[in-house]
Amino acid sequence: MRIKLVLLLSLSLPFLTLSAKEWSVKASEEGHSLISTANDSVELELEGPTLPKIIKSKKHPLFDIVVVDHGEVGTSCLVRIQKAYVFNKSKNKFIGVYPYKVIAVDSLVKKCKVKPVVWETYKSYILIHDKNNDQKFKITP
């Protein structure tokens, strides 16, 4: 017997121009998927064993950016991981998963030092610098 659950989460923050209602998380026995409620053919398998939660969605002239909370990970340093799933609107496909935010859950642990993930948004591209892993990404159409 298969159990399917569709969660629709909505954010009504004034600075967001893309509603989280346009994206949802679908749970099944096989795992979790991020799906577009506007286009049934758009679906992407999400990483991780726990049910991810959509935090917010942002609109860019070229991309939809869906920020998903993947829960907590770590042993000596427990952190909450948020990833951004970037969807190219003109090509109608996902182009990548990028770090969005890393949050220290237990700030009392001194060796748990988390650095910010910096996003710079431009009209034709996005730059990301994950200072935790010293990774840099340039998102272009």
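The values are calculated or read from the model by the stated rules, or taken from the named source; none is laboratory data. Being a predicted model, the structure only gives us computed values, none of them experimental. Cβ placement follows ideal geometry from the backbone for every residue including glycine, while neighbour counts extend to all protein chains displayed. Remember, those area values only see protein heavy atoms, side chains included, never the ligands or the DNA or RNA. Shrake-Rupley method; radii C 1.70, N 1.55, O 1.52, S 1.80 Å.
A few remarks follow.
- In the stretch 12-25, residue modelled with the highest pLDDT [restricted to those that are over 14 Å from PHE87 (Cα atoms) and open to solvent by 50 Å² or more (accessible area, probe 1.4 Å)]: LYS21
- The stretch 103-121 - residue that is part of a strand (DSSP E or B) and open to solvent by less than 40 Å² (accessible area, probe 1.4 Å) and, of those, modelled with the lowest pLDDT: ALA104
- Residue count for the stretch 83-95 under the criterion of being open to solvent by 20 Å² or more (accessible area, probe 1.4 Å) and part of a strand (DSSP E or B): the result is 4.
- Condition met for PRO61 (open to solvent by 80 Å² or more (accessible area, probe 1.4 Å) and either among the small types (Gly, Ala, Ser) or at pLDDT 85 or above (or both)): yes
- Search result, residues across the stretch 48-57 that are surrounded by fewer than 17 Cβ atoms within 10 Å (Cβ to Cβ) and either at pLDDT 70 or above or farther than 26 Å from VAL102 by Cβ (or both): THR50, LEU51, LYS53
- Here CYS77 meets each of (1) farther than 25 Å from VAL42 by Cα; (2) among the hydrophobic types (A, V, I, L, M, F, W, C); (3) outside any loop (DSSP other than H, G, I, E, B) with one exception, condition (3).
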